[in-house]
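Q: Structure provided below as structure tokens; questions to follow.
Taken together, the values in this text are just the output of simple stated rules run on the coordinates, not laboratory data. Note that the coordinates shown come from a computational prediction; the quantities given were computed from them, not determined experimentally. Glycine also receives a Cβ, built like all others from the backbone with ideal geometry; neighbour counts cover every protein chain displayed.
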Amino acid sequence: MRSILIVGGAGVFGRRLAQGLAASGEFGLIFAGRDLDRARAAAAEFGATAIRLDVASVTPDELRATGAFAVADTAGPYQGGDYRLVRAAIAAGLHYVDLADARDFVGGFPTLDAAAREAGVTALTGASSTPALSNAVLDQLVAGWRRIDRIEVAIAPGNRAPRGLAVMRSILSYVGKPVRVFEGGTWGYGIGWGGLVRRQVEGCGRRFLSLVEVPDLDILPARFAPRDAAIFRAGLELPLLHLGLAASGWPVRLGLVRSLVPLAALFLKMAGLVERFGSDRGFMLVEAAGLDGAGAPIRACWTLVAESGDGPFIPTLPALAALRALGDGRLDRRGAAICAGVLPLGWIEREFLRYRITTATRISRDPPSRP
């Protein structure tokens, strides 16, 4: 049986990816992390093995010695990260898949394409909610459209969803900072965790949403060429937390501090104090508006609702789909690529079946004008 080396397997998303891989029964698991005791404790839950691995100094020989078929990197934050682990995996002849949501990391990833092609391996970045799932949904929603005017994507987890330090650092890396965004038909700047709106999704109520910095802000305009805007927002279920985080960005906006990242542990502790409030229900929303193939106005909205704490599995499911497709030969492209337009939505939706996840698509059209 071929094995997957899960880097960061003891973390929030690493464990959930491991659960999906274990349930498939197709791969053995190897847990890797800087803290060997922590990696061993996580591996013991799956009857797997564990090794100590530091991504800051990893070598191809270390990875090759594991005998793994592929590397799954779940050990963010990826903001400001380098490609040492990816390069080592490629040099070792291993496939590579990550859950990266960092705009800079994902955007520069195709520079590794030539090396991956030469090694005959597949390296995918962003095999997560963004950009893999969001783009797979949009590919299906707008198929055959003549024109796309506006795209909006939003994610809002339930308040009881587990939080990790890496996720908190990722969020705080852009709070209060300028975020380049395509809106109003031109490129400009918004404020990280600014641009407050409120949206309602059936089963989750109305939630505040704010602008976040993710790879889709570049990928959606490039792939779908909307005329007006491509926006990505996220929200916290409790208004107190969401609005409090927005207010916390003001010292950054005013130049009083460079970043809130050094306060990540404090923010994580504060969020933990109200963890018992709210729900464990989260949603994802993908919406597009434009002209259909006949030139008529059309709006399409896809929603996903995750119940009973299953939301934190969603960011791992595109990676799970990619690894399974690599294992059975469905994904045979070689090279390094952003995971947008790579995985059909059906492959990812197949992984939804184990969880309490429901999706719905609504299509609305303007009525024809009277003669």
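Q: Given Cα pairs under 8 Å that are at least 6 residues apart, what percent is the relative contact order of region 73-192?
A: 23
Q: While we're here: Counting only helical runs of four or more DSSP H residues, what would the 222 nm mean residue ellipticity of the chain come to if each run contributes -39,500 (n - 2.57) and the total is spread over all its residues?
A: Helix contribution divided over all residues of the chain: -9000 deg cm²/dmol.
Q: Further question on the same structure: What list of ³J(HN,Hα) values in whole Hz, one per residue of region 342-359 in order, does the Karplus curve 6.51 cos²θ - 1.76 cosθ + 1.60 (θ = phi - 60°) give from phi, with Gly and Pro shown as x?
A: 9, 9, x, 4, x, 5, 6, 4, 4, 7, 5, 5, 6, 10, 7, 10, 10, 10
Q: Related question: What is the sum of charges, Lys and Arg at +1 and Asp and Glu at -1, for the other residues whose Cβ falls under 9 Å from the Cβ of Glu275?
A: Surrounding charge for Glu275 is +3.
Q: How high is the relative contact order of region 219-371, given as a whole-number percent (alpha carbon pairs under 8 Å, six or more residues apart)? Can you show the working numbers first?
A: Working: 120 pairs, mean separation 33.7, N = 153.
After rounding, I find 22 percent.
Q: Still on this structure, I have one more. Please work out the FRET efficiency for the pair Leu254 and Asp82, using the Cβ-Cβ distance as r and a Förster radius of 35 Å; give the result to the nearest 0.05.
A: Computed FRET efficiency for Leu254 and Asp82 comes out at 0.65.
Q: Any idea how far apart Arg52 and Ala222 come out in nm if each label point goes 7 Å out from Cα toward Cβ?
A: 3.9
Q: Here's a follow-up. Once R0 is set to 35 Å, what does the formula 1/(1 + (r/R0)^6) return for the Cβ-Cβ distance between Leu263 and Ala65, expressed as a FRET efficiency to the nearest 0.05?
A: The value I calculate is 0.35.
Q: Between Asp328 and Ala23, take the C-beta separation as r, use R0 = 22 Å, and let me know the FRET efficiency to the nearest 0.05.
A: 0.90
Q: Charges only on Cβ, +1 for Lys and Arg, -1 for Asp and Glu: so what's the dipole of the chain about the Cα centre, in debye to the nearest 20?
A: About 620 debye.
Q: If you place +1 on the Cβ of every Lys and Arg, -1 on the Cβ of every Asp and Glu, and leave all else neutral, what size is the dipole of region 165-239 about its Cα centre, to the nearest 20 Debye?
A: Working: 10 positive and 7 negative charges, 25 e Å.
Dipole of region 165-239, to the nearest 20 debye: 120 debye.
Q: Could you tell me which of Leu29, Trp347, Met270 has its Cα farthest along the dipole of the chain towards the positive end, charges placed at Cβ (Lys, Arg +1; Asp, Glu -1), taken about the Cα centre?
A: So the residue furthest toward the plus end is Met270.
Q: DSSP loop (so not H, G, I, E, B), at most 15 other Cβ within 10 Å: list which GluC sites (Glu not before Pro) in region 1-79 pass both filters.
A: Working: sites: Glu26, Glu45, Glu62; in loops: Glu26, Glu45.
In loop regions of region 1-79 (DSSP not H, G, I, E or B), the sparsely surrounded GluC sites (Glu not before Pro) are Glu26, Glu45.
Q: Apply the Karplus curve 6.51 cos²θ - 1.76 cosθ + 1.60, θ = phi - 60°, to the phi angles in region 53-58 and return the couplings in whole Hz, x for Gly and Pro.
A: Here the 3J(HN,Hα) series is 8, 10, 5, 6, 9, 4 Hz.
Q: Could you work out how much longer the chain between Ser308 and Tyr189 gets when fully extended? Use 0.36 nm per residue separation minus the Cα distance between them, nm to one decimal.
A: Answer, rounded to one decimal: 39.2 nm.
Q: Oh, and also: Compute the distance from the alpha-carbon center of region 321-351 to that of region 196-219, in whole Å.
A: Here the answer is 26 Å between Cα centres.
Q: Run the paramagnetic zone check for Val197: 7 angstrom along Cα to Cβ, then residues of region 231-275 with backbone nitrogen under 14 Å.
A: The answer is 231-235, whose backbone nitrogens lie closer than 14 Å to the label point.
Q: Which residue, Thr122, Thr59, Thr111, has the most motion in a Gaussian network model of the chain that connects Cα atoms within less than 10 Å?
A: Maximum fluctuation in the GNM of the chain, among the listed residues, is at Thr111.
Q: Once you place label points 7 Å from the Cα toward the Cβ at Arg354 and Leu273, how far apart are they in nm?
A: Placing both labels 7 Å along Cα→Cβ, they lie 3.7 nm apart.
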